[in-house]
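The values are calculated or read from the model by the stated rules, or taken from the named source; none is laboratory data. The model shown is predicted, which means the values in this text are computed figures rather than measured ones. Neighbour counts run over all protein chains shown; Cβ positions are idealised from the backbone, glycine included. Protein only, heavy atoms only, side chains kept; ligands, DNA and RNA dropped before computing areas. Shrake-Rupley method; radii C 1.70, N 1.55, O 1.52, S 1.80 Å.
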Amino acid sequence: MGGMTPTGMGSMSPMGMGNMGTMGTMGGTPPQVSSGSPMTPTGGVVTTTAPVFEQSYIENIFRLNLGKVGTFYFTYENNKDWNAKVYTGVLEAAGRDHIIISDKATGQRIVLLMVNFDYATFDEPLIYQYPGTIGNPPTTRNCR
């Protein structure tokens, strides 16, 4: 260990790590940074003017399409009575771990957990904004 003293890192020169303030910062509070903002190695915040898009997660796609009627397919492992179930209804809300749909005829609302979600179908075009795409993709496609 050569020239280290018994007190360890606390006796290092000011250029070393021994005289840091609390929580590993050099005397003071770090700057406030927006979530996801890039920083320079010296701790400066890099401001960007890039457009912000929602990420393409299923809950964001559902949020863009609230009010549309869909058919939602779910499977439930280790369930002897019904392993798979299909729900049809108006998409009313979408969270990270759930969706809420309603039946127009009965007015009943159902909360469904995304952990059991397989896929959904809709009979109308969906609004879909993928990161880096402006607006919606073309609605006509050649299916082969």
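For Lys68, the residues whose modelled amide H falls within less than 5 Å of its own, excluding neighbours fewer than 5 places apart on the same chain, are Leu91. Ranked by the mean number of other Cβ atoms within 10 Å per residue, highest first, peptides 72-79, 98-105 order as 98-105, 72-79. Ordered by 1.4 Å accessible area with all protein chains kept, Tyr87, Tyr119 run largest first as Tyr119, Tyr87.
Once all protein chains are placed together, Leu126 keeps about 80 Å² accessible to a 1.4 angstrom probe. On a straight-distance basis, which aspartates and glutamates could pair with Lys68 in a cross-link, Cα separation under 17 angstrom, same-chain partners fewer than 8 positions away excluded? Of all the aspartates and glutamates, those that pass the test against Lys68 - Cα under 17 Å, at least 8 places apart if same chain - are Glu59, Glu92, Asp103, Asp123, Glu124.
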